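To keep things clear, I will list the structure first and then write my remarks on it.
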Amino acid sequence: MERILKVQVEAALENLRLVRGITAAYASELDPTVEELTEIRTAVSEAFSNAVIHGYAGQLRGKVDLEFALISRTALMIKVIDKGVGIEDIARAMEPLFTTDSGEERSGMGFTVMESFMDKIKVDSRPDEGTTVTMIKNIDAYEQI
Amino acid sequence: MWLSCFFDKRSQASPYSPKDFSPKLRYHKIRSVKGEKGMEVIFEVNENVLVARLFGELDHHAAAGIREDIDRSLERCAPCDLVFDFEKVTYMDSAGIGMVLGRYRRLREAGGSVVIASCAKTVRGILHMAGIFSLMPYAQTREEAVKLLKEKEAAEWKEF
């Protein structure tokens, strides 16, 4: 793993734009296409939204750790770590359209978006201990040419 | 007093569908809401169609404010149809899906329709992923979307 970057961001939705900016700045080093960059930005933004909305349930202001690393010349790993409430049933949480929050019109598509935009996604979580979302994205624009 | 007479006459003289009787909808109105949360919406009322033109990045932070703005405008000009114009939306995630679906459900209960207009490729991809386009049609521009809704309404009125 190379070029490790760790950032701690306060768990608030106001910081979504900042998180996307940090992600874009880091990922652009790999020279991705505009589309790939959008996909990475969106996936990280979804993971961060989940941490704020569900992990910390929008109440106690916790911190979210973002870790970026290059695992090869063309692959990027991003971890989004919160110390919130955790997920009891991870498989269920990752189902499309599943949401625990019925009042605020959540779509339940967060994990689906992450899954389809990134090449690999792994979710580790324990109730009351927090959740870690690990995502890997291959950027293979060079190989295509 | 004379003003109310004026409106009364105008509304009775309307040869169009019953929705047109409301005088406040006769005019092309534009209202702009500068969101506190970094997103702007411009509302245009075109007879019975409310066009919401969104500007900026639509994430979970922006969606909360936008939802309220759109709902308030919908209440004001009900009964009406809604066009989402995503032309100037540079970013969208699942928050946008939730917002579109929420407005769709509300309007469907009231008998209205929703049309999505002019999305960027990435925005369209997200909406497509959630199956939004199996629920509501897509139009290339907002003018086309308005036309689509008017044609639909004219067809319904004819059937009736």
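FYI, it's all coordinate maths here, none of it is from the lab. Just so it is clear, the model here is predicted, and its values are computed rather than measured. In this analysis, Cβ positions are derived from the backbone assuming ideal geometry, glycine residues included, and neighbour counts consider all displayed protein chains.
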In a Gaussian network model of chain A with springs linking alpha carbons closer than 10 Å, the residue among A:ALA91, A:ALA12, A:ALA47 that fluctuates most is A:ALA91
With no solvent term and unit scatterers on the alpha-carbon positions of the stretch A:2-144, Debye gives log₁₀ I(q)/I(0) at q = 0.13, 0.17, 0.20 Å⁻¹ of -0.53, -0.90, -1.22
Which of A:GLU46, A:GLU95, A:GLU67 fluctuates most in a GNM of chain A (C-alpha springs under 10 Å)? That residue is A:GLU95
For A:ARG92, A:ARG17, B:ARG103, ascending order of other Cβ atoms within 10 Å (fewest first) is A:ARG92, A:ARG17, B:ARG103
In a Gaussian network model of chain A with springs linking alpha carbons closer than 10 Å, the residue among A:VAL113, A:VAL133, A:VAL52 that fluctuates most is A:VAL113
Karplus-derived 3J(HN,Hα) from phi for the stretch A:118-126 (6.51 cos²θ - 1.76 cosθ + 1.60, θ = phi - 60°), whole Hz, x at Gly and Pro, runs 9, 7, 9, 9, 9, 10, 10, 7, 9
Restricting to Cα pairs under 8 Å and 6 or more apart, the percent relative contact order of chain A works out to 27 percent
